[in-house]
There are 2 protein chains.
Amino acid sequence: MSAVLARHNVKVFGRGEQPMLFAHGYGCDQNMWRFITPAFEDRYRIVLFDHVGHGQSDAAAFDQSRYGSLQGYADDVLAICRELGLEDVIFVGHSVSAMIGVLAAIQEPERFERLVLIGPSPRYIDDDDYVGGFKREDIEGLLDFLDSNHLGWSSTMAPVIMGNPDRPELGEELTNSFCRTNPEIAKHFARVTFLSDNRADLPKVRTKALILQCSQDVIAPEAVGRYIQQNLPDSEFILMQATGHCPNLSAPEETIEAMEAFLRAPAPEQVAAS
Amino acid sequence: MSAVLARHNVKVFGRGEQPMLFAHGYGCDQNMWRFITPAFEDRYRIVLFDHVGHGQSDAAAFDQSRYGSLQGYADDVLAICRELGLEDVIFVGHSVSAMIGVLAAIQEPERFERLVLIGPSPRYIDDDDYVGGFKREDIEGLLDFLDSNHLGWSSTMAPVIMGNPDRPELGEELTNSFCRTNPEIAKHFARVTFLSDNRADLPKVRTKALILQCSQDVIAPEAVGRYIQQNLPDSEFILMQATGHCPNLSAPEETIEAMEAFLRAPAPEQVAAS
């Protein structure tokens with residue numbers, strides 16, 4: 001079998017035919033979908049994978065130049081799709097993987113039926129009228145801190161990113177996941193992520209998309225989610241009651257319900273034909 | 001994705017490239033490999049599936065005529081291999097699935113690198129000099145009993161087949177698995193299994209094979225394993241200390257060790273080239 005599947009520790013299961021491909025965020029791995037996939041495995045074919053340097057992927061496959069922009073990660077998503085012969089894919093991307101899915105869907109629109117974007121942001125840094133939520137010097141400071149102390153950064157930032165301080169086990173899980181990630185790859189991926197600007201890509205998307213926006217998300221504030229909805233042609237915006245940046249872990253029921261409602265709506269082709 | 005993968009609840013995982021395809025026996029499902037696969041998932045690509053009517057397969061796909069002989073089940077194995085593009089497959093078959101793998105390997109020898117046959121039997125009924133372990137009337141009686149009372153047969157026979165009465169939880173697990181299997185399919189599959197005669201197929205196998213024979217196996221006595229070794233050209237015979245018919249459940253360490261030793265030996269092509 002293909003080296004691609006081994007490299008990304010791809011796992012395929014479920015008793016449906018239409019594929020649902022889940023892409024985890026920075027410093028996470030496929031295990032972060034464990035509360036979501038049981039709701040879908042009866043009706044879909046579930047495909048999980050780990051980004052290079054994360055989870056049980058092959059970190060030796062990392063290459064600074066290939067992964068010098070999010071496009072390298074999108075190329076991996078497409079390679080997995082090709083290897084498995086996936087069509088009509090429902091792509092579910094968390095955090096930075098939302099934009100990775102956007103780039104993949106622009107490149108091969110025929111492969112994707114829908115995008116579910118959980119806590120997406122096309123740009124984290126404010127710019128004129130655009131509110132990203134961070135000043136450039138804040139991002140530079142975060143990245144310098146991460147460069148100098150991967151474990152310290154992880155244990156400081158993960159609980160902030162997770163939110164939900166009344167359930168400290170959630171922040172602990174994210175801390176441990178950040179800490180387990182290959183440090184050199186994590187530093188590089190954080191830089192690529194937090195300095196990315198994919199605003200100009202949004203209007204190019206031809207795939208129907210759902211934007212799942214958390215309340216009180218320090219990484220992706222509400223204005224960012226609404227910006228995406230205004231610029232991504234066929235998109236819906238849902239403001240969740242869930243807080244923090246990881247509703248797949250902190251509010252799986254609400255996440256599943258929102259996904260179900262989105263998936264129940266007719267597929268784009270059916271709408272056009274009716 | 002393909003209907004084949006959904007129909008058989010195919011699960012694919014592991015961080016190696018060479019595929020190891022596990023086929024469960026009568027009245028079982030892919031869960032029966034749970035003590036074996038962890039030893040191999042770092043180095044192989046693990047492929048699990050459920051035969052139609054078993055586990056979480058699609059029982060609606062059952063067809064009396066297609067599954068009127070073991071060839072129908074072998075065709076399913078090959079369909080899964082084709083769908084996933086498997087090459088150099090290490091096929092691991094338990095009980096009746098050992099012969100199913102033999103039939104698949106005869107039909108597409110280029111797909112298979114090795115066969116691991118756990119508790120195989122090419123014929124269960126004695127015939128002249130051939131010792132299968134059962135008289136024809138015994139088999140007819142067993143099948144009549146099963147036809148009249150699926151649950152009663154399952155709870156009577158499963159503990160006998162499992163052996164290891166000092167660990168009753170093993171027999172209970174097999175009983176529960178037999179009872180969960182679709183009754184009509186189970187009755188039909190038992191009849192096809194116990195009346196099969198694949199002795200003439202053994203000399204046609206071109207794939208290197210390991211025969212894992214249990215001590216004191218009421219389903220496949222030692223003479224049957226030795227018969228296979230004498231008639232399957234490139235085969236090795238190991239008489240395990242394990243007793244009963246399911247060493248994958250009752251003696252996973254010894255099963256894994258025997259598989260590891262077999263896999264460490266050079267592949268057939270390498271032998272030929274040296």
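Taking the criterion of being surrounded by fewer than 22 Cβ atoms within 10 Å (Cβ to Cβ) and of a type in the set (A, V, I, L, M), the residues of the range A:114-134 that qualify are A:ILE125, A:VAL131. Output the residues belonging to the range B:209-237 that are among the β-branched types (Val, Ile, Thr) and surrounded by fewer than 17 Cβ atoms within 10 Å (Cβ to Cβ). Scanning the range B:209-237 gives a single hit, B:VAL218.
Scanning the range A:59-98 for residues that are within 14 Å of another protein chain (Cβ to nearest Cβ) and β-branched (Val, Ile, Thr), we see that the one that is nearest to A:THR37 (Cα to Cα) is A:ILE90.
Just checking, does the range A:187-201 include any residue being over 18 Å from the mean Cα position of the chain (by Cα) and part of a helix (DSSP H, G or I)? Yes, that holds for at least one residue. Within the range A:38-55, if we keep just the residues that are away from every other protein chain (no Cβ under 12 Å) and surrounded by 15 or more Cβ atoms within 10 Å (Cβ to Cβ), the residue that is farthest from B:LYS11 (Cα to Cα) turns out to be A:GLY53.
Here is a yes/no grid of residues against (1) at pLDDT below 95; (2) under 27 Å from B:ILE90 (Cβ atoms):
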residue	(1), (2)
B:PRO165	yes, no
B:THR193	no, yes
B:VAL205	no, yes
B:GLU222	no, yes
B:GLY225	no, yes
B:GLN241	no, yes
B:GLU269	yes, yes
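Inside the range B:206-231, can you point out the residues that are farther than 18 Å from B:LEU263 by Cα and more than 16 Å from the chain's Cα centre (by Cα)? Correct list: B:SER215, B:GLN216, B:GLU222, B:ALA223, B:ARG226, B:TYR227, B:GLN230, B:ASN231. Residue pairs whose Cβ atoms lie under 6 Å apart, separated by 6 or more positions or on different chains, with the first residue in the range A:223-234 and on the phi < 0 side of the Ramachandran plot and the second at pLDDT 95 or above and among the polar types (S, T, N, Q), are A:VAL224/A:SER121; A:GLY225/A:GLN213; A:GLN229/A:SER235. Selection of the range A:105-138 for residues being in contact with a Phe, Trp or Tyr (Cβ under 7 Å, 6 or more places away or on another chain) and in a helix (DSSP H, G or I) yields only A:ALA105. Exactly one residue out of B:VAL77, B:VAL92, B:VAL102 is aliphatic (A, V, I, L, M), at pLDDT 95 or above and outside any helix (DSSP H, G or I), and it is B:VAL92. Listed by first and then second residue, the pairs with beta-carbon distance under 6 Å, at least 6 apart or on different chains, first residue in the range B:6-32 and at the interface with chain A (Cβ under 7 Å from one of its Cβ atoms) and under 17 Å from A:ILE46 (Cα atoms), second in a loop (DSSP other than H, G, I, E, B) and charged (D, E, K, R), are B:ALA6/A:ARG15; B:ALA6/A:GLU17; B:ASN9/A:ARG15; B:ASN9/B:ASP50. If you go through the range A:226-253 and pick out every residue that is of a type in the set (A, V, I, L, M, F, W, C), over 15 Å from A:ILE36 (Cβ atoms) and part of a strand (DSSP E or B), you end up with 3. Within the range A:1-23, the only residue that satisfies the criterion of being touching a Ser or Thr at 6+ places or on another chain (Cβ under 6 Å), in a loop (DSSP other than H, G, I, E, B) and crowded, with 23+ Cβ neighbours inside 10 Å is A:HIS8. Do we have A:GLY171 as touching a residue at least 12 places away in the same chain (Cβ under 8 Å) and crowded, with 18+ Cβ neighbours inside 10 Å here? Answer is yes for this residue. Among residues belonging to the range B:63-72 that are without any contact (Cβ under 8 Å) to a residue 60 or more places away in the chain and of a type outside the set (Lys, Arg), point out the one that is farthest from B:GLY53 (Cα to Cα). Restricting to residues being without any contact (Cβ under 8 Å) to a residue 60 or more places away in the chain and of a type outside the set (Lys, Arg), the top hit is B:GLN71. For the range A:48-96, filtering for residues that are under 29 Å from A:THR243 (Cβ atoms) and in contact with a strand residue (DSSP E or B) (Cβ under 8 Å, 6 or more places away or on another chain) leaves 10. Considered as a group, the residues in the range A:99-113 that are away from chain B (no Cβ under 14 Å) and surrounded by fewer than 24 Cβ atoms within 10 Å (Cβ to Cβ) include one that is farthest from A:TYR67 (Cα to Cα), and that residue is A:GLU110. Among the residues of the range A:139-146, is any crowded, with 21+ Cβ neighbours inside 10 Å, part of a helix (DSSP H, G or I) and not basic (Lys, Arg)? Within the range A:139-146, one or more residues are crowded, with 21+ Cβ neighbours inside 10 Å, part of a helix (DSSP H, G or I) and not basic (Lys, Arg). Filter the range A:56-96 for residues that are surrounded by fewer than 21 Cβ atoms within 10 Å (Cβ to Cβ) and acidic (Asp, Glu); which is farthest from A:ARG45 (Cα to Cα)? This residue is A:ASP63.
The set of residues in the range B:147-166 that are exposed (fewer than 14 other Cβ atoms within 10 Å of the Cβ), touching a residue at least 24 places away in the same chain (Cβ under 8 Å) and not in a helix (DSSP H, G or I) is empty.
The values are calculated or read from the model by the stated rules, or taken from the named source; none is laboratory data. Since the model is a prediction, treat every value here as computed from it, not as a measurement. Here Cβ is always computed from backbone atoms with ideal geometry, including for glycine, and neighbour counts include all displayed protein chains.
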